[in-house]
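Presented below is the structure to which this report refers.
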């Protein structure tokens, strides 16, 4: 018997329409908005023409595009790139919002063409090695987008194009340019998001997550804006989007905390007393994490219709648990402190293994704009010292990780995590990450045998390994002597052989896709 569907809401305030929730249609402002502290944008007069921001997906996309190459790039973006750019998060921004604006703004359309062209180039590349950066079509449309952007007066649209520019630079593997665009967007976000509710709904979360990148990929100590909230409290959630929104703020705050703690873990202040302001920040972040978890549990308990999908739930669980470990260990001089959280590491592996059971995970993905599973499982593999658990995490990184997740590359992350396991356990692992022979230290390694941190050169190099030319990265492993001094162990990390295999293409793209 077919299910009875819910009738689509044709009325309601603009804010509730954007959020895709039922509006109580209170006048002059609906209670659904005002009760959650949101600005109600009011209602469209019956005789008014449609607004520029019309929330629908057109039946025929880009009907006026005559250039075959441009049409192909747009088709590739719609069919292949847009559905996966969000990684494990909601793809609506890429699959609907970007396409909507591309019909109205030339800067958006040219940027989408550039993204589609670069993504297809990466998609067709036979392995996971760096892709040649020469792409005249993408560069031409990128330059056209920049020219159109210079005359753009609407700062909310400037922010949207800024996101696309960041994506372009991710695909071009230009870290500095990507972070520069991100910084530019952050500098204007605060004065725009309160004026345009759709910006706060769709763009602010993206910029919150982008704000993490300098903490991992920039040597500069830049002050970052506090993107949690003005009142620094976690309210009850009315949607899953609310839960994600506030968690992103907590994640940003947590990463900022652990970076401020680096000097006490690895720097000249290691094993010194931590100042009260940092301890207070740790306590406040821990409290926010507790409040978030309580509100999230309440949301899914009291609103069964809002229960997240299994993948979303497991993904949120992994991120929450990693934040939980981070907030307890930002100043850890002794790596053995992580051993107290073995139960959390095992829960993360269970959640990741559950995600890996879904069919979609079998399809290889070359690139995601969002952070996916690579850095999460990397942290798990390198900080959990239970050999069985970390080998499971290493295997799951290979299975769940895209070839590239914004600036994180599976090639380097897998190779370095694998080598850290080998160093700490005196073990030999195959290129696939499987144990070969018996490790000299199958249990928990001594503190001085543990790797504190890892860095690598940004560009690949070639070296002769056992008579064979191998491509890889020069890496440095931060370790501690028995006396407490920190030293760097430098090694060449060859690219795992499985990353050199051709990846299957799951879709055939033509330049005359129906409906485009």
Check your understanding: In this structure, is residue 375 surrounded by fewer than 22 Cβ atoms within 10 Å (Cβ to Cβ) and in contact with a strand residue (DSSP E or B) (Cβ under 7 Å, 6 or more places away or on another chain)?
Key -> yes
Review point. Before we move on, is residue 192 crowded, with 17+ Cβ neighbours inside 10 Å, outside the structural domain of residue 39 (by TED's automatic domain parsing), at pLDDT below 90 and out of contact with any strand residue (DSSP E or B) (no Cβ under 9 Å at 6 or more places or on another chain)?
Key: yes
Study note, to complete from the structure: Matching residues in segment 148-202 (part of a loop (DSSP other than H, G, I, E, B) and under 19 Å from the mean Cα position of the chain (by Cα)) number 3
Review point. Which one of 345, 367 is under 21 Å from the mean Cα position of the chain (by Cα) and closer than 30 Å to residue 124 by Cα?
Key: 367
Practice item. Give, as residue ranges, the helices (runs of 4 or more DSSP H) completely inside segment 231-327 that count at least 1 residues that are in contact (Cβ under 8 Å) with a residue 60 or more places away in the chain and closer than 30 Å to residue 487 by Cα. Key: 240-260, 262-265
Review point. Which ones in segment 328-340 are in contact (Cβ under 8 Å) with a residue 40 or more places away in the chain and assigned to a helix (DSSP H, G or I)?
Key: 328, 335, 336, 338, 339
Review point. Do we find that residue 442 is in contact (Cβ under 8 Å) with a residue 40 or more places away in the chain, out of contact with any helix residue (DSSP H, G or I) (no Cβ under 9 Å at 6 or more places or on another chain) and not in a helix (DSSP H, G or I) in this structure?
Key: no
Check your understanding: Only one residue in 139, 171, 157, 149 is surrounded by fewer than 22 Cβ atoms within 10 Å (Cβ to Cβ) and under 19 Å from residue 76 (Cβ atoms). Which one?
Key -> 139
**Study point:** One residue from 503, 474 being surrounded by 12 or more Cβ atoms within 10 Å (Cβ to Cβ) and either at pLDDT below 90 or on the phi > 0 side of the Ramachandran plot (or both)
**Key:** 503
Point to revise | Residue tally, condition assigned to a loop (DSSP other than H, G, I, E, B) and in contact (Cβ under 8 Å) with a residue 60 or more places away in the chain, over segment 355-411 | key: 14
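The values are calculated or read from the model by the stated rules, or taken from the named source; none is laboratory data. Everything numeric here is computed off the predicted structure, so don't read it as measured data. Cβ: placed from backbone, ideal geometry, glycine included. Neighbour counts: every protein chain shown.
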